[in-house]
1. Exactly which chymotrypsin sites (Phe, Trp or Tyr not before Pro) in the stretch 62-106 are in a DSSP loop and have at most 16 other Cβ atoms within 10 Å?
2. Report relative contact order for the chain in percent, whole number only (criteria: Cα-Cα under 8 Å, sequence separation at least 6).
3. Sum -39500 (n - 2.57) across every DSSP H segment of at least 4 residues in the chain, then divide by the residue count to get the 222 nm mean residue ellipticity, nearest 500.
4. Step through the table entries Lys20/Lys161; Lys30/Lys113; Lys77/Lys113; Lys13/Lys246; Lys113/Lys161, compare each Cα-Cα distance with 30 Å, and write down the pairs that go over it.
5. Which whole-number percent gives the relative contact order of the stretch 5-94, counting Cα pairs below 8 Å spaced six or more residues apart?
6. What per residue convex hull volume, in Å³, do the alpha-carbon atoms of the stretch 57-180 yield?
7. Thinking of the stretch 203-247 as a set of Cα atoms, what percent of all their pairs are more than 12 Å apart?
8. For Leu203, what charge total do you get from the other residues with a beta carbon under 13 Å from its beta carbon, if Lys and Arg give +1 and Asp and Glu give -1?
Amino acid sequence: MEQIRIITINTWKCDGNYDKRLTLMAEQLKALSPGIIACQECFASDEANADTLKFLSGALNMNACFLPARFRKRIFKDNWVQSFSGLGILSAFPLTALEDYTLPEVPGDEPRKLQLAEIVLPGGDRLLIANTHLTHLRNTGLRAAQAGFVAEKVSAFEAYKYRVVCGDFNAAPGSVELETLVSGTQAIDCYAAGGGAEPRYSLAEAYDRGMLICVDHIFALPHPGANTYPDFVNSAIVLNSRDHEKGIYPSDHFGISTTLVID
């Protein structure tokens with residue numbers, strides 16, 4: 001029996017104290033010994049010589065798969081630089097990019113993506129990992145459409161014993177958006193399935209103001225052709241400890257973690 005920790009984390013582009021935050025993020029991730037990490041808002045800029053996913057991959061000695069998205073100028077260390085805010089997957093196991101898609105969109109929001117990759121688990125089983133970041137706009141209908149699109153694309157990959165969907169959904173448990181995803185995939189909420197403490201939360205600023213809001217989630221689809229699901233244990237909120245010297249968190253989001261149990 002093998003246990004594999006899966007974490008989803010919005011890495012907050014280049015905002016805040018970028019260098020210190022990334023170092024702190026790597027330290028806290030290393031202590032968790034993750035097998036799979038789904039990252040959103042991965043900052044990448046040749047002009048700035050900065051690459052969030054590449055840094056984390058090197059620090060954690062994990063395979064990496066990056067999907068560029070949302071290209072525009074951003075302020076990095078007081079300079080405007082051309083950059084991506086993309087999606088990234090890190091894996092301690094063999095990792096192969098499969099597909100990527102552009103989510104439904106409206107004017108005023110930059111193109112958002114769905115990233116799909118294959119991970120070969122110990123023992124040879126294959127896991128489909130889906131990583132996404134739904135719109136931040138106050139447009140429930142758009143987010144629901146994006147969630148339905150994700151459900152459709154992930155459900156089509158029926159050859160995989162394990163199918164896991166991670167991301168920043170900009171939507172809380174019980175929302176129309178998440179219900180759209182769940183109804184379209186028959187997925188389970190891995191945080192709940194793994195016994196995570198409630199109420200859950202993932203927005204750091206809201207947490208510091210006494211509001212418990214969770215918009216980051218991990219879901220798992222049923223085994224293909226069966227009415228059974230993978231087993232999950234030890235779900236938790238992670239990456240939520242401040243640096244003692246500077247008083248900062250690794251990101252403006254906390255991480256959501258769960259552990260997949262495989263035979």
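The values are calculated or read from the model by the stated rules, or taken from the named source; none is laboratory data. The model shown is predicted, which means the values in this text are computed figures rather than measured ones. With ideal geometry, Cβ positions are generated from the backbone for all residues, glycine too; neighbour counts draw on all protein chains shown. All accessible areas refer to the heavy atoms of the entire protein, side chains included, with ligands and DNA or RNA removed. Shrake-Rupley method; radii C 1.70, N 1.55, O 1.52, S 1.80 Å.
1. Loop-located and lightly packed - Phe71.
2. 20 percent
3. Mean residue ellipticity at 222 nm (helix-derived): -6500 deg cm²/dmol.
4. The pairs that break the limit, which is 30 Å between Cα atoms, are Lys20/Lys161.
5. Values: 173 pairs, mean separation 29.7, N = 90.
Reported as a whole number, the value is 33 percent.
6. Measuring per residue, one finds 134 Å³ for the Cα hull of the stretch 57-180.
7. When every Cα pair of the stretch 203-247 is considered, 76 percent fall beyond 12 Å.
8. -3
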